[in-house]
Amino acid sequence: MNNYSNIPLQASNNGADEYILNMGPQHPSTHGVLRLVLKLEGETVKDIVPDLGYVHRGLEKLFENRAYGQIIPYLDRTDYLSAMNNEWAYVMAVEKLMAIEVPQRAEFMRVIFAELNRIMSHLLWYSAYGMDVGALTPLLYAFREREEIIDMVEAACGGRLTHNYYRIGGFRQDLPKGFFDMLKKFISHFNDKVDEYEALLINNVIFMKRAQGVGVLKKETAINYGVTGPNLRASGADIDLRKQDAYGVYGRLDFKACLRDNGDTWDRCKARMAEMRESLKILKQCMDMIPEGEVMAKVPKIIKPAAGEVYTRVEGPKGEVGVYIVSDGTEKPYRIKLRQPSFSNLSVIKEITIGHKIADLVAIMGSLDVIIPEIDR
Amino acid sequence: MDFKKLLWDLFYDTGKPLSQFYAWAHNLWMQTGLPGFILDVFFQLVIAVVIAVFIALNAIWIIYYERKFAALLQIRKGPNRVGPFGLFQTVADTVKMLLKEDINPDKSDILTFWAAPFIIFAASFGVFLVIPFGNGLIAGDVNIGMLYVLAISGLAVIGILSAGFGSNSKYSLIGGLRSAAQVISYEIPMVLTVLAVVMLAGSLKMSDIVAAQTGNPLKWYFIPQIVGLVLFLIAGNAEINRGPFDLPEAESELVSGFITEYSGMKFAMFFLAEYTNLFLTSALAATLFLGGWQGPFLPPVVWFMLKTYFIVTILMWARWTFPRIRVDHLMAFSWKILLPIALLNLLITAFLIKVI
Amino acid sequence: MIKYVSEIIKGIISLMQGLGVTLKHAFRKPITLQYPDVKADLPVRVRGRLVMPIDPEKNDNRCTACNLCVKACPNLSIRTEKVVEDGKAKPKAAKYNYNLATCMFCNLCVEACPFGAIIMSEEYELAVRDKSELMIDLVAEKYVLKGKKEKYFLTKYKEE
Amino acid sequence: MTTQELLEKIKGKIQIVESKEDLGVLNITVSKSALKNSIASLKDDFGFDHMNFMTAIDLPADSCIEAVYRLYSNTTKDSIVIKVKLDRKEPKTDSVAGIFRTANWHERETAEMFGIEFAGHPDPRRFLLTEDIINPLRKDFTHPDFNPMPKV
């Protein structure tokens, strides 16, 4: 009944201290259904093999049988913590294929929702991470603010997690009345809350001891593994797609990429905390700069891009969210490949956990902020 | 008989009416000509039942209290569905536990697996014998009381180890071993802090330690031993595997540590023992540092409970605030920080006693 | 030695900060809603399950069984049957089978409808005991909208 | 850098079978044998240090499978797409997991989805799917549980 047949791990027989531990798929801290098979010596991790695919839904195959417009709701279900960023990458790709110009108001709205989603995702990361390291209270505090954002998003698009709001060419509907009042209220107090989060968990001496110098990810290794997002910036690489590609209207906004130097677990946490503050700055600017006008470009009723291929990417909360579309000129895409950040981010885990303790493995896993449906698709 | 005086004695000097009642019963018994030890055994059984009932009721209350207190810190409401203010939530949970299937994992070591909850429960049960709840309200006022407490409470680690070993699960085993390491290394700073108090009181007997602190709050030992109190709380919290020191259970790492494989009533016993231990540690802290049952106006039992629950609240506050310590930091913390400070505290105390 | 002591003091300060944060929250009001007793006030755009409300002007639904919603649905959750009544030019939906089990509440069908005949209602407590109850015939249901959503529906998805 | 300039620059080092520009991105096709060297050369000599993804496209009409590698340079901010045509009956190519370690998982996924064999892959196990699903992303994939969207 031993189910390790697929896993190339063997506890050595002469060294009696080694054993295999199966962590997951149902484990409190593997964030969804990830299975990690560990080779341990005492509590020290000697080897680690991730086993994936428990929630594979074959999205890429589904896409080949759907019209272009029908694909958007499925994208919400990859990284469900920041659905709008996935939608954005996809609609941007189709717009690029069809050369559609998106109205300015819609572009600003896209930035607003992408940043709100980024904060949402980081807040959930923070609360889940608190659980991982054994602090149970941060969850409730972070969810309080997350709920505020979700209410905002719900007022705009009607969905709480699966938003389905972006459309090819702009937006389904304009912003609801009173949206900016809610946003203003949120902006006014959120910075204090981030201070609270830091005081409660991130700057706590117990946590700092656990996180500093643990799971160090070198810049070169990170780039070689295709790690992106806050994880990469914590290692000191100044790579932020919002700056590099300057898609949407990010070129007109003033913000900075949140860099850290060491690339350890603590730096990854700090980078995310700083990113929340930066997102807030972006939101503030968008609120001042957003023009009035249409939110939807003129788009043909039946979306039929010309044959060709395109790859667009946006900076999601976890890293580079990319969509690669091959079109053959029909109503349905010929092939869509989703490039999701967690896929590459998780692949680095073997590199940075070997030699640490089980407790560190949990801390490192949490700090990478992976989300399994995104990997399995 | 003066009814008013009896009432006064019952509340404020509980030992006197109890010993009067015992002498009266003993006299009566001796007239029958039967050997006296039968009566003593009977009385011991009565005491055991009383303590068992107290443990059960107290644990039910303390679980409810913890859930409400956690809710307070976490800006939510906590249990509020079963009964008024959710007071019967724990009762409902207990009934649920009793009705659940008691699972024995395949290939588990039945003897150790079954013995574990009883050992742990017995350990916390035994300590209750020497806790002075009130003036004279103490089941067995032995003259090595404090030593007895340390010896018996250390037994719990055997239960945890046997739970970890008997479950035949790797998670449980890691949890059990963690617990053994943790309890042994925190025993030492705890003993050293207790020793400082014992030196001040000049006795190991619990009633003497309480009496030495007198009714004046300024003479309670938390003033000369403030460092000792903090050390005792940290070490005590670590010994009962709670708060930031819940490594043997460590939900996010070891699923549930040594109780992973337990279910039904056996699980409930672990749960009961955990909260009983929490109460015990707080009661000891109250006895050693906060003057035990002594205090003005209110009956001694009320004072004792108030002080104990004050300590309980502090421990809960810490539990719901801090993240978990890593296992090697835990050891380092004990040996590198707690032990030197405890030794220093002991030395200074000894020096001051000599000088003053 | 100085480093050792200063580290301990720094540690204690950081722990105190954490305790302070939780203590501060102990005096704040709970943020949770007592769900079955108290329900959140939902915005008008909220997407519950699909309904086909009665239009009070026509005293009937607006559906013409044009099948645009069927084509828009990514999950094939909708099936219609068309009927043309005597003496009327427009066809009508005899049956509008909506499969709640496969619906993913994406709103694409509502957007596709040229007559504004269907709408996502506020209903979100959708658990049933029998799978067969998930197949709903929206025509036979004769749903009546209430409150905010009704206005939203009558003005064809315009907010005031 | 425009695609023309980039093409001129890399022409010397890499044997290009075919090249075209697609929406502002240079798209080159290389031969199967030259793939590993070209990618190594692009990484080392031209600064393409980030592999966005690696995947494949099934082309039953041409009876070939195209493996697609997309590289990005963080310094010059250029993108390049490298394609290699593989025989559909027996798709086999060299693994580039030694050059870009991110390719390890991408190649495992692609191998499973299209039935491509990557020679020299460090960990050629199945990745996401169960054993009974074979080459699902090929256009002629059939499975008892899989129904393509019917025409309405």
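In whole percent, and with a 1.4 Å probe on the protein chains, what portion of the accessible area of the range B:102-349 is carbon and sulfur?
Values: 6570 of 8610 Å².
On the range B:102-349, the fraction of accessible area on carbon and sulfur atoms equals 76 percent.
How far, in degrees from 0 to 90, does helix A:137-157 lean away from the longest principal axis of the Cα atoms of chain A, to the nearest 10?
Helix A:137-157 sits roughly 20 degrees off the main axis of chain A.
Post the alpha-carbon centroid distance, the range B:92-123 to the range A:330-374, in whole angstrom.
If you average the Cα positions of each part, the centres end up 39 Å apart.
Compute the Cα gyration tensor for the range B:58-216, then decide on rounded, prolate or oblate, letting a ≥ b ≥ c be the square roots of its eigenvalues: rounded whenever a/c is under 1.5, prolate when a/b is larger than b/c in the other cases, and oblate in all that remain. Show your work: numbers first, answer last.
Numbers: a/c = 2.08, a/b = 1.25, b/c = 1.66.
Here the range B:58-216 falls in the oblate category.
Could you sort C:49, A:277 by accessible area so the largest value comes first, with the probe set to 1.4 Å?
Details: C:49 10, A:277 65 Å².
Solvent-accessible surface, decreasing: A:277, C:49.
Please tell me the relative contact order of chain C in percent, rounded to the nearest whole number, where contacts are Cα pairs under 8 Å and at least six residues apart.
Working: 194 pairs, mean separation 40.8, N = 160.
Normalised by residue count, the contact order of chain C is 26 percent.
With a ≥ b ≥ c the root eigenvalues of the C-alpha gyration tensor of the protein assembly as shown, is it rounded (a/c under 1.5), prolate (a/b larger than b/c) or oblate? Could the numbers behind the result be given before it?
Numbers: a/c = 2.26, a/b = 1.75, b/c = 1.30.
Prolate, since a/c reaches 1.5 and a/b exceeds b/c.
Roughly how many debye, to the nearest 20, is the charge dipole of the range C:50-156 about its Cα centre, given +1 on each Lys and Arg Cβ, -1 on each Asp and Glu Cβ, and no other charges?
Values: 17 positive and 15 negative charges, 55 e Å.
So the magnitude is around 260 debye.
Using only alpha carbon pairs under 8 Å that are at least six residues apart, calculate the relative contact order of chain A and give it in whole percent. Can you show the working numbers first?
Working: 725 pairs, mean separation 93.5, N = 377.
About 25 percent, as a whole number.
Count the DSSP beta bridges whose two residues both fall in chain C, then state the antiparallel fraction as a percent rounded to the nearest 5.
Values: 12 of 13 bridges.
Among the beta bridges of chain C, antiparallel pairing accounts for roughly 90 percent.
Taking H placed 1.01 Å from N in the peptide plane, check which residues at least 5 places from residue A:172 or on another chain put their amide H under 5 Å from its amide H.
A:167
Counting each DSSP H run of 4 or more residues in the protein assembly as shown as -39500 (n - 2.57), what helix-only mean residue ellipticity at 222 nm follows after dividing by all residues, to the nearest 500 deg cm²/dmol?
Values: 38 runs with 490 residues, N = 1045.
After summing the helix terms and dividing by the residues of the protein assembly as shown, the value is -15000 deg cm²/dmol.
Counting only C-alpha contacts under 8 Å and six or more residues apart, can you give the relative contact order of chain B as a whole percent? Intermediate results must be reported in sequence, preceding the final value.
Values: 508 pairs, mean separation 72.8, N = 356.
About 20 percent, as a whole number.
Rounded, prolate or oblate: pick one for chain B, where a ≥ b ≥ c are the square roots of the eigenvalues of its C-alpha gyration tensor, a/c under 1.5 means rounded, and failing that, prolate if a/b is larger than b/c, else oblate. Let's see the in-between values first.
Working: a/c = 1.56, a/b = 1.20, b/c = 1.31.
Verdict is oblate for chain B.
Enter the accessible area per residue of the protein assembly as shown (Å², integer; probe 1.4 Å; all protein chains in place).
Details: 43930 Å² over 1045 residues.
Computed with neighbouring chains in place, this is 42 Å² per residue.
If one takes the accessible area of chain A alone plus chain C alone and subtracts that of the pair, with a 1.4 Å probe, what total in Å², rounded to the nearest 100, results? Could the numbers behind the result be given before it?
Values: alone 15620 and 11540 Å², together 24690 Å².
Counting both chains, the buried surface is close to 2500 Å².
Between A and D, buried accessible area summed over both sides at probe 1.4 Å, in Å² to the nearest 100?
Working: alone 15620 and 9060 Å², together 20860 Å².
Its buried surface, counting both partners, is about 3800 Å².
Scan the range D:67-152 for GluC sites (Glu not before Pro) in coil per DSSP, keeping those whose Cβ has at most 10 other Cβ atoms within 10 Å, and list them by number.
Working: sites: D:107, D:109, D:112, D:117, D:131; in loops: D:131.
Listed in order of number, the matching sites are D:131.
How would B:193, B:32 rank on accessible area, largest to smallest, probe 1.4 Å?
B:32, B:193
Which one, B:27, B:345, B:168, has the greatest fluctuation when you compute a Gaussian network model over chain B with C-alpha springs under 10 angstrom?
Result: B:27 has the largest fluctuation of those listed.
Each residue of the range A:35-46 in order: what ³J(HN,Hα) in whole Hz does its phi give by Karplus 6.51 cos²θ - 1.76 cosθ + 1.60, θ = phi - 60°, with x for Gly and Pro?
10, 10, 9, 10, 9, 10, 10, x, 10, 8, 7, 9
Compute the helix-to-body angle for D:35-46: its Cα long axis versus the longest principal axis of chain D, expressed 0 to 90° and rounded to tens.
Between helix and principal axis, roughly 40 degrees.
Could you name every residue in the range D:5-44 that has 40 Å² or more less accessible surface in the full protein assembly than in its own chain alone (probe 1.4 Å, ligands and nucleic acids excluded)?
Output list: D:22, D:23.
Could you name every residue in the range B:317-336 that has 40 Å² or more less accessible surface in the full protein assembly than in its own chain alone (probe 1.4 Å, ligands and nucleic acids excluded)?
Buried on complex formation: B:317, B:320, B:321, B:322, B:323, B:324, B:326, B:329.
Tell me which residues come under 5 Å, amide H to amide H, from residue C:55 once H is placed; ignore anything under 5 positions away on its chain.
Amide H neighbours of residue C:55: C:60, C:61, C:62.
Could you point to the residue in A:312, A:348, A:300 farthest towards the positive end of the range A:300-377's charge dipole, with +1 and -1 charges on the Cβ of Lys/Arg and Asp/Glu respectively?
The residue sitting farthest along the positive end of the dipole is A:300.
Return the residues of the range A:187-218 for which accessible area with all protein chains present is lower than in the chain on its own by 20 Å² or more; set the probe to 1.4 Å and exclude ligands, DNA and RNA.
Output list: A:196, A:199, A:200, A:203, A:204, A:205, A:206, A:209, A:210.
How much of residue C:4 can a 1.4 Å solvent probe reach, expressed as accessible area in Å² and rounded to 10?
Counting only protein heavy atoms, the figure is 80 Å².
Return the long-range amide H neighbours of residue A:335 (sequence gap of 5 or more, or a different chain), with a cut-off of under 5 Å between placed amide H atoms.
The list, which skips near neighbours in sequence, is A:326.
What whole number of Å gives the distance from the Cα centroid of the range C:110-145 to the Cα centroid of the range D:90-127?
About 47 Å separates the Cα centre of the range D:90-127 from the one of the range C:110-145.
Please report the carbon-and-sulfur percent of the accessible area for chain D; probe 1.4 Å, protein heavy atoms only, DNA, RNA and ligands left out. Show your work: numbers first, answer last.
Details: 3360 of 6940 Å².
Carbon plus sulfur share of accessible area: 48 percent.
Considering lysine pairs in the range B:102-349 that are 8 or more places apart or on different chains, how many have Cα atoms under 26 Å apart? Write down the numbers at each step before the final one.
Working: B:107/B:170; B:107/B:266; B:170/B:266; B:205/B:219; B:205/B:307; B:219/B:307.
The result is 6.
Going by alpha carbons, how many degrees (0 to 90, nearest 10) lie between the helix axis of A:358-368 and the longest principal axis of chain A?
Its long axis makes an angle of about 10 degrees.
Once ligands and nucleic acids are excluded and a 1.4 Å probe is used, how much of residue D:21 is accessible, expressed in Å² to the nearest 10?
Per-residue accessible area (residue D:21): approximately 110 Å².
Identify which of D:129, D:35, D:23 has the largest mean-square fluctuation in a Gaussian network model of chain D, with springs joining Cα atoms closer than 10 Å.
D:23
Once you charge only the Cβ atoms, +1 for Lys and Arg and -1 for Asp and Glu, what is the size of the charge dipole of chain A about its Cα centre, to the nearest 20 debye?
On the way: 48 positive and 50 negative charges, 123 e Å.
With only Lys, Arg, Asp and Glu charged at Cβ, the dipole is about 600 debye.
The values are calculated or read from the model by the stated rules, or taken from the named source; none is laboratory data. Values in this document were obtained by computation on a predicted structure and should not be read as measured data. Using ideal geometry, Cβ is built from the backbone for each residue, glycine included, and neighbour counts are taken over all protein chains shown. These area figures cover heavy atoms from the full protein model, side chains too; ligands, DNA and RNA do not enter into them. Shrake-Rupley method; radii C 1.70, N 1.55, O 1.52, S 1.80 Å.
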